[in-house]
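> Next up is a structure, given as structure tokens.
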């Protein structure tokens, strides 16, 4: 749906919150939730969908006349798809995901082939005159690569595959007029996890190495190839991820702009934030209340910040918790997506303020795609959940209250759960 004072943004939520890997399961979820949400939030206006498709679902959607039928359904319901989540390749619910969410990574041909199918699907569905975004993993998972030679190979092959995808997107734009971009999503322990690593990847790999390949492939200059790469390879700014890295939205936006790197999509999400008390008894109490968040499905990376600014990383909350009682830092931030309308929960805070800071700093000429991405409803503590439809609605209403401050709805003002 369009929102903002001048209706300059497209807002949606990511359908990865619904379990389902087959196309039939995805479609059933869309039919269950999207028309009901549209009726509550957009009524007669067009309503956007942020679609997550597994590898299996992409193959099934491209069979027979499934895609054509889906396009007809979208038109009938006054819906449109403008963004895809291409990060999780396989199963994402009701199983142990952890670091397997990064597999296959961008060094593997399977990742390229999967994303090419996503490109074909999005190009078919994308409304005329609108750009399309596909978010994806930050190349790979950093802890997998401790050998420098192997790491070099991962960067090399990932760059080549992203550049091959870019070549397809360039030709697609030339033949159809539709602009698509792939958006790398930095996150803790990703091979690209912060702004400095984004910039380094563009400067050291994507532009020089990818540019040389693309220039040769398309028969154009290196400069023209780099222009294409900047247009079709962008960043997915996940507000939870950058908050866990203790990077302010204003700083990230300024650095990316200064280096000519575009933001293709913003994912609106909040992390858990904990101020570490000095008393051991208080720390023990907090640790016991953290245990329900140390669940077995997803990675919940933790970054601890000390008073001198030093950062200490833990690969998962499960491994971090035993250290909380004797933590030397003053703050923990945890990669656990909590409801974005929640500012406070028991003794915990969220990084909601980073979402506010980003939304008030974001210019529509930088990015127009906004996607709510609280995918953890299944694993949240029970007292943080209402029925799913109402929970999604509350997230929309909170965002709308920020972007369109003169609108009013009953449940906009929620700050504490």
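> With all pairs of different alpha carbon atoms counted, what Kirkwood hydrodynamic radius in Å does the range 182-319 show? Spell out each step's value before the answer.
Numbers: mean 1/r = 0.0581 Å⁻¹.
This gives a value of 17.2 Å.
> Picking from 128, 320, 357, which is most flexible by a Gaussian network model of the chain using Cα springs under 10 Å?
Its mean-square fluctuation being the largest, the pick is 128.
> Additional query: For a label point 7 angstrom out from the Cα of residue 171 toward its Cβ, which stretches of the range 228-252 have the backbone nitrogen within less than 18 Å?
Counting backbone N atoms under 18 Å from the label point, the list is 228-229, 232-233.
> While we're on this one: For the chain, rounded, prolate or oblate, judged on the Cα gyration tensor with a ≥ b ≥ c (square roots of eigenvalues), a/c < 1.5 rounded, else prolate if a/b > b/c? Before the final figure, lay out the partial values.
Values: a/c = 1.60, a/b = 1.17, b/c = 1.36.
It comes out oblate by the Cα gyration axes.
> With each label point set 7 Å from Cα along the Cα-Cβ vector, what nm distance links residue 109 and residue 95?
Taking the two extended label points, one gets 2.3 nm.
> Let me ask something else about it. How much length is gained if the chain between residue 66 and residue 323 is pulled fully straight, taking 0.36 nm per residue apart and subtracting their Cα-Cα distance, in nm to one decimal? Please list the in-between numbers first.
On the way: separation 257, 0.36 × 257 = 92.52 nm, distance 5.11 nm.
Full extension of this stretch gives 87.4 nm more.
> Say R0 is 22 Å: what FRET efficiency, to the nearest 0.05, do residue 330 and residue 282 get from their beta-carbon distance?
Details: r = 13 Å, r/R0 = 0.61.
Efficiency for this residue pair is about 0.95.
> Taking 0.36 nm per residue of separation and subtracting the Cα-Cα distance, what length does fully extending residue 251 through residue 217 add? Don't skip to the end; give the middle numbers.
On the way: separation 34, 0.36 × 34 = 12.24 nm, distance 3.59 nm.
Here the answer is 8.7 nm.
> Assuming R0 = 30 Å, can you tell me the calculated FRET efficiency for the pair residue 59 and residue 128, based on Cβ-Cβ distance, to the nearest 0.05? Mind showing how you got there, number by number?
Details: r = 27 Å, r/R0 = 0.89.
Working from the Cβ atoms, E equals 0.65.
> What residue among 196, 258, 36 shows peak mean-square fluctuation when the chain is described by a Gaussian network model with Cα springs under 10 Å?
In this elastic network of the chain, the residue with the biggest mean-square fluctuation among 196, 258, 36 is 258.
> Another one. For the pair residue 378 and residue 40, what calculated FRET efficiency results from E = 1/(1 + (r/R0)^6), where r is the Cβ-Cβ distance and R0 = 35 Å, to the nearest 0.05? Can you show the working numbers first?
Numbers: r = 22 Å, r/R0 = 0.63.
Once the sixth-power term is evaluated, E becomes 0.95.
> Return the whole-Å distance between the Cα centroid of the range 259-308 and the Cα centroid of the range 59-129.
30 Å
> Most exposed first by the Cβ proxy, i.e. fewest other Cβ within 10 Å, how do 140, 251 rank? Please list the in-between numbers first.
On the way: 140 24, 251 11.
With the fewest neighbours first, 140, 251 line up as 251, 140.
> Between 175, 360, 297, find the one with the highest GNM mean-square fluctuation for the chain; connect C-alpha pairs within less than 10 Å.
Judging by the Gaussian network model, the answer is 175.
> Right, here's the next one. Treat each spin label as a single point 7 Å out from the Cα along the C-beta direction, and report the residue 224 to residue 75 distance in nm.
With each label placed 7 Å out from Cα toward Cβ, I get 3.6 nm.
> For the chain, what is the mean residue ellipticity at 222 nm derived from helices alone (per DSSP H run of n ≥ 4: -39500 (n - 2.57); sum divided by total residues; nearest 500 deg cm²/dmol)?
About -12500 deg cm²/dmol.
Every read-out reported here was derived from the displayed coordinates using simple, explicitly stated rules and does not represent laboratory data. Because the structure is predicted, anything quoted here is derived from the model rather than measured. Here Cβ is always computed from backbone atoms with ideal geometry, including for glycine, and neighbour counts include all displayed protein chains.
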